[in-house]
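Participant: Quick one: the structure is below, and I'll ask about it shortly.
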Amino acid sequence: YLGLLYQDLIRQGAFTPNGKLPPVLPIVLYNGENRWTAAQNVADLVEQVPGGLERYRPDLAYLLLDEGAVISDPEWSDHMRNVAAALFRLEHNRDEQDMLEVLGTLVEWLKAPEQTGLRRAFVVWIRRVLLPNRAPGMELPEFNELQDLHEVHDMLAERIKQWPERWEEKGRQEGRQEGRQEGRQEGEQRGIEKTARNLIKLGVLSDEQIAEATGLTVADVEGLREEDTQ
């Protein structure tokens, strides 16, 4: 990727005032559940060569931002004012209270007038990404009514109290729906088996023909025939 980027910069003539290529910082942003284990330097993937040729081996490292490792690092703390780490904690929040605590910290960190744009960016991300994934179906105020982070924090502090009740009711509704669906499926299956039993009693069709007519397997038909003869 870095080589391709430099090729594109050369085509664009995007050189520094000294006529050199600009420095580029390669970054890998990883938010998977498992920790990142891949090599962090191309040199680690190339066999070492003896005889003084080591310096010609490709040597290209990248900056790894493993979100899960960052938020679990005991050296990270609120006083570091690391906004990126706070964003990672929001993505990987343990529960609703943890999310509120991080938001409260951001409200305090980003209260300066010159940070208005950054606060607004967090509001947009929370509204469009975080909340739809965390609480799908949650009723939210109109977007233009949430102008700042402290308003989002206050709104969530009130509405999060209602989330357990919503989830409990949703679970009851899904349980009732699944129960009705299972009941319909069981009734349809009984009707098919009854039809198959009637065809067996007629003694006209073979098991293969009955299976084809009812959608059962031949083994199912044979089992029904054995049950009726017992």
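Participant: Put E33, E91, E227 in order of accessible area, largest first, 1.4 Å probe: what do you get?
Facilitator: Sorted by accessible area, descending: E33, E227, E91.
Participant: Counting alpha carbon pairs within less than 8 Å and at least 6 residues apart, what relative contact order, in whole percent, applies to segment 1-132? The partial results should precede the final answer.
Facilitator: Details: 93 pairs, mean separation 22.8, N = 132.
Computed over segment 1-132, the figure is 17 percent.
Participant: Relative contact order of segment 1-76: what whole-number percent is it, with Cα pairs under 8 angstrom and at least 6 residues apart?
Facilitator: Value for segment 1-76: 32 percent.
Participant: Give the long-range amide H neighbours of L64: residues separated by 5 or more places, or on another chain, with amide H under 5 Å away, using H modelled in the peptide plane at 1.01 Å from N.
Facilitator: Sorted by chain and number, the residues that satisfy this are V28.
Participant: So, by mean Cβ neighbours within 10 angstrom, what's the order for 121-131, 46-56, 5-15 with the highest one leading? List each step's numbers first, then the result.
Facilitator: Numbers: 121-131: 15.8, 46-56: 7.9, 5-15: 10.6.
So the peptides 121-131, 46-56, 5-15, ranked by packing, come out 121-131, 5-15, 46-56.
Participant: Next up: Karplus couplings for segment 5-11 from phi (6.51 cos²θ - 1.76 cosθ + 1.60, θ = phi - 60°), rounded to Hz, Gly and Pro as x?
Facilitator: Whole-Hz 3J(HN,Hα) from phi for segment 5-11: 5, 5, 4, 5, 5, 5, 4.
Participant: Per residue of segment 24-29, in order, report the coupling 6.51 cos²θ - 1.76 cosθ + 1.60 (Karplus, θ = phi - 60°) as ³J(HN,Hα) in whole Hz, putting x for Gly and Pro.
Facilitator: Each residue's phi maps through the Karplus curve to give 10, 9, x, 10, 10, 9 Hz.
Participant: Okay, next question. Label segment 1-126 by shape, choosing from rounded, prolate and oblate, from the square roots a ≥ b ≥ c of the eigenvalues of the Cα gyration tensor; if a/c is under 1.5 it is rounded, and otherwise prolate applies when a/b is larger than b/c, oblate when it is not.
Facilitator: Note, shape of segment 1-126 comes out oblate.
The values are calculated or read from the model by the stated rules, or taken from the named source; none is laboratory data. The structure presented is a predicted model; accordingly, all values stated were derived computationally and were not measured. Cβ atoms come from the backbone with ideal geometry, glycine included; neighbour counts cover every protein chain shown. Ligands, DNA and RNA are stripped out before the accessible areas are found, and what is left, the full protein with its side chains, is counted by its heavy atoms. Shrake-Rupley method; radii C 1.70, N 1.55, O 1.52, S 1.80 Å.
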